[in-house]
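Reading through the structure tokens given below for one structure.
The values are calculated or read from the model by the stated rules, or taken from the named source; none is laboratory data. Because the structure is predicted, anything quoted here is derived from the model rather than measured. Ideal geometry is used to build each Cβ from the backbone, glycine not excepted, and the neighbour counts take in all protein chains shown. To get the accessible areas, we keep the full protein, side chains included, count just its heavy atoms, and leave off ligands, DNA and RNA. Shrake-Rupley method; radii C 1.70, N 1.55, O 1.52, S 1.80 Å.
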Amino acid sequence: MRHHPFPDDLVTAQRSWAATYEELARTGTARTTALRRRLLRLSGRVYFHPYWDQPRPTAGRPELAELARAEDEQAGSAA
């Protein structure tokens with residue numbers, strides 16, 4: 001596992017956000033209302049996380065999204 005500057009709970013929220021977004025984007029999803037609500041809740045967790053309150057965060061939102069994507073791919077290939 002690679003070291004990164006993000007707190008674990010922020011990475012987990014970003015990974016959950018990406019998974020929820022992907023599920024919502026699939027056609028034929030029956031529970032869109034629940035998924036949209038979850039996406040909004042996770043967006044708030046990611047956007048308003050205390051990490052971003054630092055005067056100069058070590059890394060930005062694009063790096064967080066890329067890290068979450070890489071971890072999901074790594075978890076998928078390990079399964």
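Points worth noting:
- Peptides ranked, highest mean first, by Cβ atoms within 10 Å: ranges 23-29, 62-68, 4-10, 49-55: 62-68, 4-10, 49-55, 23-29
- In this simple spin-label model, placing a label point 7 Å from the Cα along the Cα-to-Cβ direction at both residue 70 and residue 3 gives a separation of 1.4 nm.
- Dipole-positive endmost among 54, 67, 30 within the chain (Cβ charges, Cα centre): 30
- Calculated FRET efficiency for the pair residue 56/residue 36, C-beta based, R₀ 30 Å, to 0.05: 0.35
- Projected area averaged over orientations for the chain, convex hull of C-alpha atoms, nm²: 5.9 nm²
- Apolar share of the accessible surface for the chain: 52 percent from carbon plus sulfur atoms, 1.4 Å probe.
- Tilt relative to the chain, helix 32-47 - C-alpha long axis, 0 to 90 degrees, to 10: 0 degrees
- Axis angle, to the nearest 10 degrees, between helix 8-25 and the longest C-alpha principal axis of the chain: 30 degrees.
- Over the chain, accessible surface divided per residue gives 74 Å², non-protein components excluded, 1.4 Å probe.
- Per-residue ellipticity at 222 nm, computed for the chain from helices alone with -39500 (n - 2.57) per DSSP H run of at least four residues, works out to -22000 deg cm²/dmol.
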